[in-house]
Each structure stands twice: as C-alpha cells, then as structure tokens.
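The next block holds one structure in the form of structure tokens; read it before the comments.
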Amino acid sequence: MKVYLAGFNVDTTVLKELEQATGKRADLTPEVISAAYARISRDPRPINEIRVESRKEVERSRKSNQTIIFKMGHHSVAEHAVFNFDVLGLSRFAMEEAEKFRLCSYTEKSQRYITLDKDFVIPEEIKKTHFEKPFLKMVQLQNEAYFKLFEKLKDYIFKKHDKLAADPKKQNLLEGWAKEDARYITSLATESQVGVTVNARILELMLRRFASHPLAEVKNLGRSIYDIVSSVAPSIVIFREANERDLKTYPELKEAAKEFLKKSGKAISKKSIKGVELVEFPKDGDKLILAALLHTSDNLTYEQCKKIAAKLNKEQSKKLFKASWQNMQFYDSMLREFEYVNLTFNVVLSAACFGQLKRHRMSTITAQAYDPNLGITIPQSIKETGMEKYFREIVDKTNEVYAAIKKENPLAAPYILTNAHRKRVLMRLNLRELYHISRLREDAHAQWDIQNISRLMSREAKKVIPLATELLCGKDKYNETYQSIFGHLPKIIQAALPGARRIK
C-alpha cells in the first residue's frame, strides 16, 4: 500500500509569494485535483501519475471537468476542489443565510469574546429611503446601550466573582461573560465575519441560492464569491445563476397556504409560549434502537430483531445499551444505530441562541421569521443589575421602528431587531445528534441560553425514551453519569487516577 499527500489548504498569500519567486503558474488551481480524480475510474495509471498530467495540461483538465461534471453528471467530482473564504462585514441577519449549508465548515466571529464596535450594515433596501435616519438612530441607541450594559455587567460580575477577578489570568473570562450578556441588545444589522471552507459542488448550490435570495446583501455576497472563484477555477462552478426553484417556491407556497391559514385575530399569549416542546417522537424509541443494535449483531432481518427487542425486559434492555456504551469516552460519538429514532421539537429561542443552534446542520431546521410577539430573552445578569427596565425601553423603541419599516419593507425590517428577539424553529434530529448537542451545549462552559435550550430538549427526550437516553448529558457531567450507570469511571479516566496501576 502507498499513500501520497495530494494537496492541502494553503494561504493565498503563500501562493502569491510562490508565484513571485517562480513566475506565473497556471496549475495553482484546485481544478487539477478534481480533473485527476475524475479520470481514476477509466485510467489504469497510478493516481499520482494522473495528477502530474493534470498539472501540465490545465486547459485540458478544465475541459475534462466540464465534460465529466456537467455533461456526464458526475457532480461528486467537484467535491475534490475545496475553497476557503474570509467573509468580512456581513450582518448577523445575512449570516443566517450564509451558514445554512450542511456540508460546509464555518468559524464565525464570536460576540461573546470580542467587544463589539459600532460597525453595522445599512441594508440596501433601507438606504436613501425615509427609513434610513430612524434606522441609524435606533442602531446608535442600541450600541450605546451595549456599552452601558457592558460596563454595568462587568462591574457586577467582577464583584460577584471576586476570587476569580483577583487572578489577572481570569479577568478576560469575566469580561467575556459581561460581553456575552450585553450583546443581547445589539441589532441583527451588526457586522460579523466568518471563515468558510466549502467544496465546489456545494459552492455552486450556495451561489444559486444567494443569487435567488431577495435580500441585496445576500445577493452581493454571492457575486463577490463568484468573482473570486471564476478567476481561479472557472470549470467547476457553472450553474450559479438564480433559478425558479429558489426564486419562487417559498413565495408561491406562502401564497397557496393563505387559503388554509386563516388568522384567528388573537394575539399570541406570552404565557403560552414554550421554549422547547417535543411535538413528534416514536412511541417505542428504546425498542427501535435495541432492534437496530441486535440487527448489527447478527444476520437476522430487522423485523425479526424488532420482535426480539419487544420481548426484552428492562434489565435485558439495559444490558444491551450498556454494552454499546461501556467503551465510550465523553468525546466519542454515539453508535449509528441511535440514528434510527427521530425527535421533532418546536423551539422558541432568541436570535443569540439561534446563532448557535443553527450550527447543528446534521439536524433538520426550518425557521419562521423573527416575531416581536414572541417576546424577548433577557439575561438574568441584566435583571440582577437593575437594568431590565432600561433594556425593555430600548427594545420597545426597537419594536416601534421595526413595525414602521415592516409596513413598507417587511424583508429588511428584521435587521433592526436585537439578539434578544425570538423566532420559532421546527427542529428534527435523531437521537445520535441529540447526544452530540447535549455533550457540547449542556456543558458548563457553554453559553447559558443554548445550555437552557439543550437541557430542555434532553429532558423531553428522556421522558419518552428513558433507557437509550441514560447517558445523555453535557461533557462536564459525563464521568459522573457514566459512573452512575456502570458503578465505575471510564477506563481512560481510571488510568489517570493516582494508584491507577492497581485498578483492574
């Protein structure tokens, strides 16, 4: 067996320096990799030799890409070409559209750790209209409130955690807690930045969606990305124009739904709003996963395994679950058999929290528009510092500006809403993915808002699938939970304990 490193991500500055030292090179494009790999199925030569030819004949490689990917329909070949983009100055609102794609990697500027400046996006839909002045005035009030809250919260947190504050190394952490809560008053127009890694196949889909999007900011993002890519790899991103499926489907669906969605005229009661509600689940979730575990362990049919699982008592069922868990550490994924149970949650959450939840792209997430009628999420620290009334006053003024803009331009109105404003999300995920979310988001180091949401999701899941969810917890509670099930710590933890050599 032989393994060659065919390529890896290289900063474009390094590539430019390389060109300056050696002269202009046509083969500095990911197209040569995709073209070489496209020939593997029909060319008997070793892959590394095919790659040499692809680099020497770049134009031929480009024609090969176009033929194999687009004419012959082998789109997966485009996945071998990968791009990294720095996206700067995009609003938090538009960022929700940019980060919708499952098979991408995103690392975004965190409002939890970085002090916000006064940078924000003025939507094209609002520029040079009579709404521009009230929009700017409102954002200015929100930003002033952010700094006022930050100073107040910083003083409060340093006093509350005076022992931590005495350690200079912990002061950045405490400041982060203050920033984390102060940002709830900032608008969705606030600028952010994100690093994106995406393969060419998904990039083409991304560009079509951006081109079809009604917001000018999202359209401009797509054009900016294409201008860069088209000069580097023109052969692997072709179908990038707006199309009717993306342009028309949701507007036409909304129009068709009007007939069936008759408004009752009743305002939403804030008392009736539930943060997390489990709305769909299998009645026999534990048995379904047990059947899947049995299916993997033998050559019986799934139906036969279901019949066996149905007859297992609680003790027998636990024995199987424990066998599937006993070698796990907190960083290990749950077995794939746990994907055979799906849960659907209705979640009402803040914009700040949605910014984190949306990153779990292996789940299915569809979201409604932000709705001031759903209320707001106010950090507990703001209440404890006596700043809740001030916070609500800023939100009330925000809602007035939002309502005025919405009458004439509902598309751009959400830009003025804050991170505290809420939306309703429908989220479907399998139990394996819920375990992943729980490990990461219920952990003590996670942000409190997403902690609360994930904890409620776990609690609801445990009610209906009690056995398969016994190990469901944040990673900080993993060893404790594991010990409660098995009567001892995971082996790797035991090995790290004093006197570990005596443990058998």
Looking only at region 184-200, and only at residues there that are assigned to a helix (DSSP H, G or I) and at pLDDT 95 or above, the one that is surrounded by the fewest Cβ atoms within 10 Å (Cβ to Cβ): Tyr184
Residue among Leu207, Leu203, Leu149 that is open to solvent by less than 40 Å² (accessible area, probe 1.4 Å), modelled with pLDDT of 95 or more and over 30 Å from Pro134 (Cα atoms): Leu207
Pair list, Cβ < 9 Å and 6+ apart or interchain, from region 27-48 residues that are within 11 Å of Ile236 (Cβ to Cβ) to residues that are aromatic (Phe, Trp, Tyr): Pro30/Phe83
Odd one out for Glu217, checked against (1) open to solvent by 20 Å² or more (accessible area, probe 1.4 Å); (2) among the charged types (D, E, K, R); (3) touching a residue at least 40 places away in the same chain (Cβ under 8 Å); (4) in contact with a Phe, Trp or Tyr (Cβ under 7 Å, 6 or more places away or on another chain): (4)
Criterion (touching a residue at least 60 places away in the same chain (Cβ under 8 Å) and part of a helix (DSSP H, G or I)) met by exactly one of Leu164, Leu173, Leu149: Leu149
Hey, Phe239 outside any helix (DSSP H, G or I), under 26 Å from the mean Cα position of the chain (by Cα), of a type in the set (Phe, Trp, Tyr) and modelled with pLDDT under 90 or not: yes
Unique residue being modelled with pLDDT of 95 or more and of a type in the set (A, V, I, L, M) when the list is Ile453, Ile493: Ile453
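Which of the residues belonging to region 348-366 are of a type in the set (A, V, I, L, M), open to solvent by 20 Å² or more (accessible area, probe 1.4 Å) and over 16 Å from Leu278 (Cβ atoms)?
Of all residues in region 348-366, those of a type in the set (A, V, I, L, M) come to 348-349, 351-352, 357, 362, 365.
With the extra rule that they be open to solvent by 20 Å² or more (accessible area, probe 1.4 Å), the set shrinks to 362, 365.
Hit for region 348-366 is Met362, nothing else.
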Unique match (being surrounded by 18 or more Cβ atoms within 10 Å (Cβ to Cβ) and among the acidic types (Asp, Glu)) among Glu384, Glu388, Glu408, Glu433: Glu433
Residue match in region 310-319 (condition: farther than 21 Å from Gly285 by Cα, open to solvent by 10 Å² or more (accessible area, probe 1.4 Å) and not basic (Lys, Arg)): no
Helices (runs of 4 or more DSSP H) contained in region 19-96 and holding at least 1 residues modelled with pLDDT of 80 or more, among the β-branched types (Val, Ile, Thr) and more than 19 Å from Val229 (Cβ to Cβ): 47-56
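The values are calculated or read from the model by the stated rules, or taken from the named source; none is laboratory data. All of these numbers come straight from a predicted model, not from anything done at the bench. No Cβ is skipped: glycine too gets one built from the backbone with ideal geometry, and neighbour counts run over all protein chains shown. Surface areas here come from the heavy atoms of the whole protein model, side chains and all, with no ligands, DNA or RNA. Shrake-Rupley method; radii C 1.70, N 1.55, O 1.52, S 1.80 Å.
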